[in-house]
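See below for the structure under consideration.
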Amino acid sequence: MNRFLAGRVPRADPLVLAAVAGLGVLTLMLLIGGNGDLGLTLTPLALTLVLVLAVRAPLRHSLLILGVLCLTLENPTEIPAAGLWRSPLYVVGALLLAHLNLTLPYKALFFSGLDMALLLLAGTWVVRRMMDSPVDTRGNVPPAPPLRDAALLCIVAIFFIWGHGLLREGADFRFSLWQVFRVIYLPCVLLLYCAGIRGPSDSRAFGVALVVAALIRALLATYLRHLFPSELDMPHATVHADSMLFADAFLLVLVVFFERPTPRNLLFGLATLPVLTLGMIANNRRLVWVELLAALAVLYFITPFSRLKKRIVQGVVICLPVIALYTAIGWSSGARFFAPVRTIRSVVDSGADPSTRWRDLENYNLYYTLRAHPVLGTGFGHGYDEVIHLPDISEAYELYRFAPHNSILGLLTFSGGVGFAAIWLLIPLGVFFAVRSYRFSTTPRDRTTALATVGILVTYLVHCYGDMGLGTWASVFTVAPALALVAKQAVATGAWPLRPGRSIDPSPAGNL
């Protein structure tokens with residue numbers, strides 16, 4: 001019976017009341033400070049919808065959507081498309097991925113929409129655990145304890161290094177915040193994924209999301225290169241972090257076919273790989289090719305010598321003389337036909353490329369600084385010492401001494417051997433669990449997840465060494481879910497058995 005007909009007034013949902021109140025306040029703020037921007041003014045409606053859905057939906061669904069948004073939306077601080085073009089969702093990307101005070105005229109909003117979203121999801125998970133809600137626990141496989149504990153150790157080490165740096169003379173608190181932000185998100189988001197992802201049953205959904213996000217960015221890069229064909233006007237179509245996204249998706253598609261070489265997967269590869277390749281070419285980032293080749297080389301030594309792998313090796317061996325001749329002829333050539341050779345030379349020969357030479361000199365400065373602080377490092381809040389003075393680029397990039405191109409060597413310099421081992425432990429542990437899970441997996445899906453995780457981690461390593469990979473949303477939202485999936489797969493497959501007394505929830509995991 002209708003409650004109104006029965007004379008009873010339905011009780012208002014507190015969540016709905018809070019959402020409506022927040023919607024009204026935020027809309028009023030934007031009407032006052034938004035300068036009449038309709039898209040900006042309507043943003044609260046979308047935010048309210050997201051808030052309600054996030055609180056109601058399983059955590060894995062929210063993380064899946066949030067990850068796709070972070071991988072596809074534009075981040076104004078990265079100056080996408082060299083500032084020559086903006087998508088219709090530019091404001092949404094700015095509100096989510098950059099500090100809100102860059103869009104809204106309120107200095108107190110020094111955090112991003114993503115920070116608010118992550119706090120909301122973390123708070124939702126805590127409340128559900130306190131209320132013993134089964135929303136996120138039904139069918140949930142616990143992660144391998146060492147990988148989860150490594151994330152906690154990473155967070156503790158970050159705050160220790162931060163405090164150590166601030167206690168040293170000459171520390172810059174503002175720059176120390178930027179250094180902390182570059183490393184704190186990965187372990188925190190990883191813990192969220194460990195809480196939200198159920199186990200191997202979720203790997204397909206996150207794999208599809210990764211490929212879809214990469215295809216969107218690849219199509220965008222190709223379109224922008226069509227609009228601005230000159231590399232002088234627009235050197236790079238999107239952003240550097242997309243190199244990781246393109247390489248990860250490319251590797252995933254190859255691994256899917258390698259583990260299950262069916263006509264369907266072949267068609268899938270033929271439909272996606274050309275698009276990803278065009279995106280990589282359009283974005284004009286040489287590091288993406290290094291990432292792809294390095295990951296393929298590692299996967300070659302991990303996988304068994306199957307018939308498909310044998311044919312691939314035979315093809316490569318047959319082509320080696322042609323490749324060597326092509327490289328030798330094109331090493332000093334400026335012809336367009338030898339562009340791949342020039343890319344290889346620019347990576348290995350600092351005399352042939354000013355950018356590579358800059359990085360070599362910067363690496364020397366980092367090494368010199370590390371030699372003076374080998375154990376605990378300089379701490380966050382300090383930059384590297386310029387033994388060799390490079391051109392002053394502080395007006396364009398004032399963080400250049402605090403966030404160098406070589407993220408690995410930079411982190412080692414700022415955190416020292418002890419701090420670096422604690423922060424970086426996640427990566428070798430992730431590779432260990434991925435390889436071990438691959439050996440224990442019996443299904444193509446689980447083997448694909450394990451191999452893709454190895455590829456993602458190798459790509460991340462190469463990107464961090466070659467250019468600023470720490471703290472980018474592409475790295476956080478590809479590495480964190482991959483680590484969480486393999487941490488749970490290690491337990492589900494028996495690659496890392498739990499101690500007696502701990503068991504896996506036997507209830508059905510259900511479907512996404």
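A few remarks follow.
Conditions tested, residue by residue: (1) touching a residue at least 12 places away in the same chain (Cβ under 8 Å); (2) assigned to a loop (DSSP other than H, G, I, E, B); (3) under 28 Å from ILE423 (Cα atoms).
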| residue | (1), (2), (3) |
| --- | --- |
| ASP132 | no, yes, no |
| THR137 | yes, yes, no |
| ILE155 | yes, no, yes |
| VAL208 | no, no, no |
| LEU220 | yes, no, no |
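- Restricting VAL126, VAL141 to residues that are assigned to a loop (DSSP other than H, G, I, E, B), at pLDDT 90 or above and under 30 Å from THR493 (Cα atoms) narrows the list to VAL141.
- Listed by first and then second residue, the pairs linking a residue in the stretch 390-414 that is free of Cβ contacts under 8 Å to residues at least 40 places away in the same chain and closer than 21 Å to GLY163 by Cβ to a residue that is among the acidic types (Asp, Glu) and part of a loop (DSSP other than H, G, I, E, B), with Cβ atoms under 9 Å apart and 6 or more places separating them unless they lie on different chains, are ARG401/ASP385; ARG401/GLU386.
- Hey, LEU186 assigned to a helix (DSSP H, G or I) and surrounded by fewer than 19 Cβ atoms within 10 Å (Cβ to Cβ) or not: no
- Residue selected from the stretch 456-481 under the condition without any contact (Cβ under 8 Å) to a residue 60 or more places away in the chain and open to solvent by less than 10 Å² (accessible area, probe 1.4 Å), by the criterion nearest to TYR367 (Cα to Cα): CYS464
- Those helices (runs of 4 or more DSSP H) lying entirely in the stretch 33-76 with at least 2 residues buried (at least 21 other Cβ atoms within 10 Å of the Cβ) and modelled with pLDDT of 90 or more: 59-72
- A Cβ distance below 9 Å, combined with a sequence gap of six or more or placement on separate chains, defines the contacts here; from the stretch 174-191, residues that are of a type in the set (Phe, Trp, Tyr) reach residues that are assigned to a helix (DSSP H, G or I) and surrounded by fewer than 20 Cβ atoms within 10 Å (Cβ to Cβ) in the pairs TYR185/LEU118.
- In the stretch 447-493, the residue that is nearest to ALA209 (Cα to Cα) out of those that are aromatic (Phe, Trp, Tyr) and modelled with pLDDT of 95 or more is PHE477.
- Residues of the stretch 451-499 satisfying the condition of being part of a loop (DSSP other than H, G, I, E, B) and not aromatic (Phe, Trp, Tyr): ASP467, MET468, GLY469, LEU470, GLY471, THR472, THR493, GLY494, ALA495, PRO497, LEU498, ARG499
- Residue under evaluation LEU152, criteria (1) open to solvent by less than 20 Å² (accessible area, probe 1.4 Å); (2) more than 18 Å from the chain's Cα centre (by Cα), criterion not met: (1)
- Test result for ILE329, in a helix (DSSP H, G or I), surrounded by 13 or more Cβ atoms within 10 Å (Cβ to Cβ) and at pLDDT below 90: yes
- All conditions in (1) over 25 Å from LEU245 (Cα atoms); (2) among the small types (Gly, Ala, Ser); (3) modelled with pLDDT of 85 or more hold for ALA117, with the sole exception of (1).
- Lone qualifier among ALA195, ALA157, ALA108 - being modelled with pLDDT of 95 or more and of a type in the set (A, V, I, L, M): ALA157
- Number of positions in the stretch 273-292 that are closer than 16 Å to HIS463 by Cβ, open to solvent by 40 Å² or more (accessible area, probe 1.4 Å) and part of a helix (DSSP H, G or I): 2
- Filtering the stretch 222-248 to residues that are surrounded by fewer than 18 Cβ atoms within 10 Å (Cβ to Cβ), assigned to a loop (DSSP other than H, G, I, E, B) and under 24 Å from the mean Cα position of the chain (by Cα) leaves only PRO235.
The values are calculated or read from the model by the stated rules, or taken from the named source; none is laboratory data. A quick note: this is a predicted structure, and the numbers were derived from the prediction, not measured. Cβ sites come from the backbone with ideal geometry, for glycine too, and all protein chains shown count toward neighbours. Ligands, DNA and RNA are excluded from the accessible area calculation, which covers all protein heavy atoms including side chains. Shrake-Rupley method; radii C 1.70, N 1.55, O 1.52, S 1.80 Å.
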